[in-house]
Amino acid sequence: MTHAIEKLPKLTRRTLLQVGSGAAGAVSILGLSARSAKAAKVSKAAVAYQDSPKGDQNCASCRLFTAPNACKQVEGDISPNGWCRIWSKAG
Ligand code: SF4
């Protein structure tokens, strides 16, 4: 009988640790999801993307452009000669 009572606190502590690490894992997953959502690209329409330059500004001269045809912020195929309203000078 005494033996069983001595074991009880150990089991309880272990159970709490397991529950605790499970909760921490869930928080990590949620944190990761939040970061992924922040990193998501926006649509061309949201930034008024166009396939032609605007003045001397174009995607090829934007710091967000990724050659040959992508953008770090805007989804879809991006022309080096395109432009959108979040254009930001490279360099
Ligand atoms: S102007 Fe810049 S931000 Fe806009 S689509 Fe082109 S590369 Fe992306």
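Values as computed for the structure displayed
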{"read-out": "Neighbour net charge for Ala70 - beta-carbon separation under 11 angstrom, K R +1, D E -1", "value": "0"}
{"read-out": "Prolate/oblate/rounded call for segment 41-91, Cα gyration tensor, a/c under 1.5 rounded", "value": "rounded"}
{"read-out": "Leu64/Ala39 FRET efficiency (R0 22 Å; Cβ-Cβ; nearest 0.05)", "value": "0.95"}
{"read-out": "Burial ranking of peptide ranges 58-69, 73-84, 43-54 (average Cβ count within 10 Å, highest at the top)", "value": "73-84, 58-69, 43-54"}
{"read-out": "Rough spin-label spacing in nm, given labels placed 7 Å along Cα→Cβ, for Lys54 and Ile86", "value": "1.3 nm"}
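Each value in this text was obtained by applying a stated rule to the coordinates, not by laboratory testing. Note that the coordinates shown come from a computational prediction; the quantities given were computed from them, not determined experimentally. Note: ideal-geometry Cβ built from the backbone for every residue, glycine included; neighbour counts use all protein chains shown.
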